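A quick write-up on the structure given underneath.
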Amino acid sequence: MQRTSISKILPVLFGFFIMGFCDLVGISTSYAAAEPWMSKESLSDFPQFNEVVTELNANTQSKNEIEQSFAQYRKSSWDSLYYFTGTGVREKWYLPETDFSDWKRIKFPNYWEDAHVGLDDFDGAVWFMTSFDLPDNFSGDAYHIFLNY
């Protein structure tokens, strides 16, 4: 059986960070938050997103071109400025020899606000550590772990 370390779930943690940041910005500005699954049509119902919808409508790039452009953007600045920063990265919490003994336990799937571990009003990056066994017949290059419902 294969074992996977926390470094494999860093992209998941990044997703939670972005969701929390988007919610925080939406609340503090009294605007509706734009969620990634919203269509251009649903965004059109909110005047504050007119500029974004106009940009989306003007886009002529294919999905592949957009993905390549985003990958280049991440390499040039995003990862170093936003993604690979913070206490956990500086202290290398992603390494197997990290001492997790004083970390609070949380049961998943769960919303951290409902887990009673002191994160009720927290918005930001949260690190989790787990281990699991991949199925013997697993042959893909990505395995999804669900941290909430």
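Each reported figure results from applying straightforward, stated rules to the coordinates on display, with no laboratory input. All values reported here derive from a predicted model rather than from experimental measurement. Positions of Cβ are generated from backbone atoms using ideal geometry, with glycine treated the same way; all protein chains shown enter the neighbour counts.
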**Request:** For H116, work out the one condition from (1) part of a loop (DSSP other than H, G, I, E, B); (2) within 15 Å of the chain's Cα centre (by Cα); (3) of a type outside the set (S, T, N, Q) it doesn't fulfil.
**Result:** (2)
**Request:** Go through (1) acidic (D, E); (2) loosely packed, with under 10 Cβ neighbours inside 10 Å; (3) under 15 Å from the mean Cα position of the chain (by Cα) one by one and return the number of the condition D121 breaks.
**Result:** (3)
**Message:** Can you find a residue that is surrounded by 12 or more Cβ atoms within 10 Å (Cβ to Cβ) and over 25 Å from F146 (Cβ atoms) anywhere in the range 85-102?
**Reply:** yes
**Fill in**
Filtering the range 134-149 down to residues that are exposed (fewer than 12 other Cβ atoms within 10 Å of the Cβ) and more than 25 Å from Y82 (Cβ to Cβ) yields P135, D136, N137, F138, S139, G140, Y149
**Complete:** Here the qualifying pairs (Cβ atoms under 6 Å; residues six or more apart or on different chains; first in the range 84-99 and over 14 Å from G124 (Cα atoms); second surrounded by 10 or more Cβ atoms within 10 Å (Cβ to Cβ)) come out as W93/W127; Y94/I6; Y94/S7; P96/S5
**Message:** Could you list, ordered by first residue, the pairs with Cβ atoms under 6 Å in which the first is in the range 52-68 and part of a helix (DSSP H, G or I) and the second is of a type in the set (S, T, Y) and surrounded by 10 or more Cβ atoms within 10 Å (Cβ to Cβ), at least 6 apart or interchain?
**Reply:** V53/S44
**Request:** Would you mind stating whether S131 is surrounded by fewer than 11 Cβ atoms within 10 Å (Cβ to Cβ), part of a loop (DSSP other than H, G, I, E, B), hydroxyl-bearing (S, T, Y) and more than 20 Å from the chain's Cα centre (by Cα)?
**Result:** no
